[in-house]
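Data block below; observations after.
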Amino acid sequence: MPHSRHEPQATRTHRSEHPPVSTAQPIARTSPPPLIAKTPGAPVGAHIASFAYYLPEQVITNAELARLVDTSDEWILARTGIRSRRRAADTEATSDLAIAAARRALADARTDAAELDTILVATATPDSPVPAVACIVQAGLGAVNAAAMDIGAGCSGFLFALHTAACFTRAGAAQRILVLGAETLTRVTDYSDRRSCILFGDGAGAAIVTAHPEQRADNLGLELLYSQLGTDGEMADLIEIPAGGSRIPASEASIRDHGHFIRLDGQRVFKQAVRRMAEAAVDAMNALNLKPADIDWLLPHQANARIVVSVAEQTGIAPARAMLDMAETGNTSAASIPITLGRARDSGQLQPGQVVMMLAFGAGLTWACQVWRVCAPAN
């Protein structure tokens, strides 16, 4: 995934012109403290009562992309593990995908939207800069009692939103939270760049997070054992959409220079993604006194197959236990983890008592690790 070919002067950087504040001593980098119980392995006070996903109907195959740029099905599959990806209909925006996934999660939980007290939407592709997608979702669902806000952490967004939801439930600030990851990445994909256009697809995933177990008799739930977030803003330019914000507003030049499309520095992204997720996974296992063999499923952000396998190898977790679900969906950014979770449930991979480690890495740079235990349906 090397850097896009487009390197226009007008949209080369989004960084502030202000120099950093100088310090006599280098700043030690530490991550915020994780969410973890006093007794490692005990629940921390956040549960997923139901989860669901939505994928648009339209499919973009590798063969179709090969008619647009110099590539082939074999080349894409070998480098990414992706065969096809979904594209939202012209009449669908990010909020529409989110609402569709949310309705399925609410139905599975037998919960009315009016019972929600918070809605969190993780996305990098909002319907518009203002208002937040979460507000549109609130109106679309009729969740009249819910506060709503978006969370922007790139491909790590869904885990950042789950972490935020867990903090709310632990503090007693919310009891029933709808967490969504939703993206229409095909709207910000440069289909003249063969190295990036092969990656991205559209979709949405949803989870209902509660303070106490609430899953119904025929539905698996999950309980949170550990959650940790990380950020390194010094590497913000590795993944970016440089134009369209306050630093480089939309203009004839920004459009001509392809500044409104996703850009990646592919080789650096690969190295950082593997490093950050592997380190986060090891930290989580050490904190919970777990060994790699204790992790039943590794569920990383579905960026590409090579990253997922490399993370598994570096953590000592058998690659056979790393979920690979991007073949038919592509990289759906903040939606990839909940989509993969839902499809794993549908295929029968998830069983009560299993330990699932979720890992994410995205623009910012951001990364996150969570450990969940699958709970049996209520009696």
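Restrict the check to the range 318-339 and report whether at least one residue is more than 22 Å from VAL179 (Cα to Cα), among the acidic types (Asp, Glu) and touching a residue at least 24 places away in the same chain (Cβ under 8 Å). It would help to see each step written out before you state the result.
Within the range 318-339, the first condition is being more than 22 Å from VAL179 (Cα to Cα), and the residues that meet it are 318-322, 324, 327-328.
From what is left, the residues that are among the acidic types (Asp, Glu) are 328.
With touching a residue at least 24 places away in the same chain (Cβ under 8 Å) added as a condition, the list becomes 328.
The answer is yes, given that some residue of the range 318-339 is more than 22 Å from VAL179 (Cα to Cα), among the acidic types (Asp, Glu) and touching a residue at least 24 places away in the same chain (Cβ under 8 Å).
Please tell me if ALA171 is among the hydrophobic types (A, V, I, L, M, F, W, C), surrounded by fewer than 22 Cβ atoms within 10 Å (Cβ to Cβ) and in contact with a Gly (Cβ under 8 Å, 6 or more places away or on another chain). Steps first, answer last, please.
Working: among the hydrophobic types (A, V, I, L, M, F, W, C): yes; surrounded by fewer than 22 Cβ atoms within 10 Å (Cβ to Cβ): yes; in contact with a Gly (Cβ under 8 Å, 6 or more places away or on another chain): no.
No: the conditions fail for ALA171.
Which of the residues that make up the range 88-120 are over 23 Å from the mean Cα position of the chain (by Cα) and among the basic types (Lys, Arg)?
ARG110
Quick check on my filter: what residues within the range 61-95 are touching a Pro at 6+ places or on another chain (Cβ under 9 Å), of a type outside the set (Val, Ile, Thr) and more than 15 Å from ASP325 (Cα to Cα)?
Scanning the range 61-95 gives ARG87, ALA88, ALA89, GLU92, ALA93, SER95.
Say whether the condition of being at positive phi and in contact with a helix residue (DSSP H, G or I) (Cβ under 7 Å, 6 or more places away or on another chain) is met by at least one residue in the range 304-323.
Within the range 304-323 (the criterion being at positive phi and in contact with a helix residue (DSSP H, G or I) (Cβ under 7 Å, 6 or more places away or on another chain)), the answer is yes, since at least one residue qualifies.
Take ALA148 and decide whether it is without any contact (Cβ under 8 Å) to a residue 60 or more places away in the chain, over 13 Å from the mean Cα position of the chain (by Cα), part of a strand (DSSP E or B) and buried (at least 19 other Cβ atoms within 10 Å of the Cβ).
Numbers: without any contact (Cβ under 8 Å) to a residue 60 or more places away in the chain: yes; over 13 Å from the mean Cα position of the chain (by Cα): yes; part of a strand (DSSP E or B): yes; buried (at least 19 other Cβ atoms within 10 Å of the Cβ): yes.
Answer is yes for this residue.
Using the structure shown, decide if ALA143 is free of Cβ contacts under 8 Å to residues at least 40 places away in the same chain, among the small types (Gly, Ala, Ser) and in contact with an Asp or Glu (Cβ under 8 Å, 6 or more places away or on another chain).
Details: free of Cβ contacts under 8 Å to residues at least 40 places away in the same chain: yes; among the small types (Gly, Ala, Ser): yes; in contact with an Asp or Glu (Cβ under 8 Å, 6 or more places away or on another chain): no.
Spelling it out, it is not the case that ALA143 is free of Cβ contacts under 8 Å to residues at least 40 places away in the same chain, among the small types (Gly, Ala, Ser) and in contact with an Asp or Glu (Cβ under 8 Å, 6 or more places away or on another chain).
Kindly list the number of the only condition in (1) of a type outside the set (S, T, N, Q); (2) closer than 22 Å to VAL121 by Cβ; (3) in contact with a Phe, Trp or Tyr (Cβ under 8 Å, 6 or more places away or on another chain) that fails for GLY364.
It fails just one condition, (3).
How many of the residues in the range 242-264 are part of a loop (DSSP other than H, G, I, E, B) and under 20 Å from GLN302 (Cβ atoms)?
First, the residues of the range 242-264 that are part of a loop (DSSP other than H, G, I, E, B): 242-251, 257-262.
Checking the rest, the ones that are also under 20 Å from GLN302 (Cβ atoms) come to 262.
So the answer is 1.
Answer yes or no as to whether SER347 is surrounded by 23 or more Cβ atoms within 10 Å (Cβ to Cβ) and either at pLDDT 95 or above or touching a strand residue (DSSP E or B) at 6+ places or on another chain (Cβ under 9 Å) (or both).
no
Here's the yes/no breakdown for (1) modelled with pLDDT under 95; (2) in contact with a strand residue (DSSP E or B) (Cβ under 8 Å, 6 or more places away or on another chain); (3) not in a loop (DSSP other than H, G, I, E, B); (4) not polar (S, T, N, Q):
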| position | (1), (2), (3), (4) |
| --- | --- |
| TYR191 | no, no, no, yes |
| PRO213 | yes, yes, no, yes |
| GLU223 | no, yes, yes, yes |
| SER227 | no, yes, yes, no |
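Restricting to the range 242-276, name every residue that is crowded, with 18+ Cβ neighbours inside 10 Å and over 25 Å from the mean Cα position of the chain (by Cα).
ILE248, SER254, ASP257
So, of the residues in the range 44-99 that are farther than 23 Å from ARG306 by Cα and of a type in the set (Ser, Thr, Tyr), which turns out to be surrounded by the fewest Cβ atoms within 10 Å (Cβ to Cβ)?
Taking the candidates together, the pick is THR91.
The values are calculated or read from the model by the stated rules, or taken from the named source; none is laboratory data. This one's a predicted model, so the numbers in the text were calculated from it and none came from an experiment. Every residue, glycine among them, receives a Cβ derived from its backbone with ideal geometry; neighbour counts consider all protein chains shown.
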